[in-house]
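The values are calculated or read from the model by the stated rules, or taken from the named source; none is laboratory data. Being a predicted model, the structure only gives us computed values, none of them experimental. Please note: Cβ atoms are built from the backbone with ideal geometry, for glycine as well, and neighbour counts cover all protein chains shown. What goes into the accessible areas is simple: the full protein's heavy atoms, side chains included, and nothing from ligands, DNA or RNA. Shrake-Rupley method; radii C 1.70, N 1.55, O 1.52, S 1.80 Å.
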Amino acid sequence: MADKVTELPKVLSTQGEQHQETGYIKASDEDVDLYVDRVTDEVLACRERGRHLFPTIRQAGIHFSEIDSDGLFIRRLTCTCCELAVKVEKWEGTRQRGRTRFHRVASQLEYRTGQDGQTYLSPTGRGRMTPRQIGDSVASKALAGQSLAALRKATTRTTTKNSRSTSKTGKPARQKSKAR
C-alpha cells in the first residue's frame with residue numbers, strides 16, 4: 001500500500017508573490033544584444049539611465065496642447081535625449097481666493113516611432129530589458145575583441161600605480177610629519 005503524500009504549497013515572500021502576479025520575464029542576452037545593435041546612442045542613453053530627460057517648466061514653459069473630455073488641460077513634453085518618449089500630463093485649473101491654481105493630476109508616457117522607423121520599446125514577446133542588461137550589452141560591445149588576460153594585465157598595472165599613494169585600507173596614505 002502506498003501512502004498518499006500531499007505536497008504543501010511553496011511559501012513565497014511578498015516579493016515572490018508580486019513577481020508571479022505580474023508575469024515579468026527578463027529578456028535574454030541575445031535579444032538585448034540585437035536591440036542594442038539597432039537603436040541609436042541617444043535611445044541607449046535613456047535605456048541605460050532608466051529614465052528620460054524632460055525639460056522643466058522653467059526651461060520649456062508651460063503650454064497646453066488640448067483639453068480632454070473631462071475638462072483637464074493636456075501638456076505634452078518630448079524627451080530631449082531620445083526624442084521618442086512623450087510625457088503626457090493632465091492638469092486641472094481651479095480658482096481659489098481670487099487666484100488661479102494649477103495641479104498636475106495625472107501623467108503617463110507615450111512612445112512614438114522615429115523618422116527612420118526606430119522604436120524605443122523592444123519587440124513584444126522578448127521580455128523586459130533592464131537598464132543593467134542594456135549597460136552590460138553596451139560594455140560588452142565596447143570591449144569586444146579584447147582578451148580577458150590583456151584586460152587583467154592592463155588593470156593590474158593601473159591598480160599597482162594607484163596603490164602606491166594609498167594605504168592598505170584604501171585610504172590615502174598619511175604624510176609623515178617632521179619632528180619639531
Exercise for the section: Test each condition in (1) open to solvent by 80 Å² or more (accessible area, probe 1.4 Å); (2) within 24 Å of the chain's Cα centre (by Cα); (3) small (G, A, S) for G145 and report the one that comes out false. Expected result: (2)
Practice task
Would you point out the residue of segment 112-140, among those that are of a type outside the set (S, T, Y) and over 19 Å from the mean Cα position of the chain (by Cα), that is surrounded by the most Cβ atoms within 10 Å (Cβ to Cβ)?
Solution key: G114
Exercise for the section: State whether the residues of segment 156-174 include one that is surrounded by 10 or more Cβ atoms within 10 Å (Cβ to Cβ) and modelled with pLDDT of 80 or more. Expected result: no
Problem - Near pairs, Cβ below 6 angstrom, 6+ apart or cross-chain, from segment 102-123 (within 16 Å of R47 (Cα to Cα)) to any residue that is open to solvent by 60 Å² or more (accessible area, probe 1.4 Å) and part of a strand (DSSP E or B) - result: Y120/Y111; L121/Y111
Problem - Qualifying residues in segment 49-79 (those that are touching a helix residue (DSSP H, G or I) at 6+ places or on another chain (Cβ under 8 Å) and modelled with pLDDT under 95) - the one nearest to L109 (Cα to Cα) - result: G50
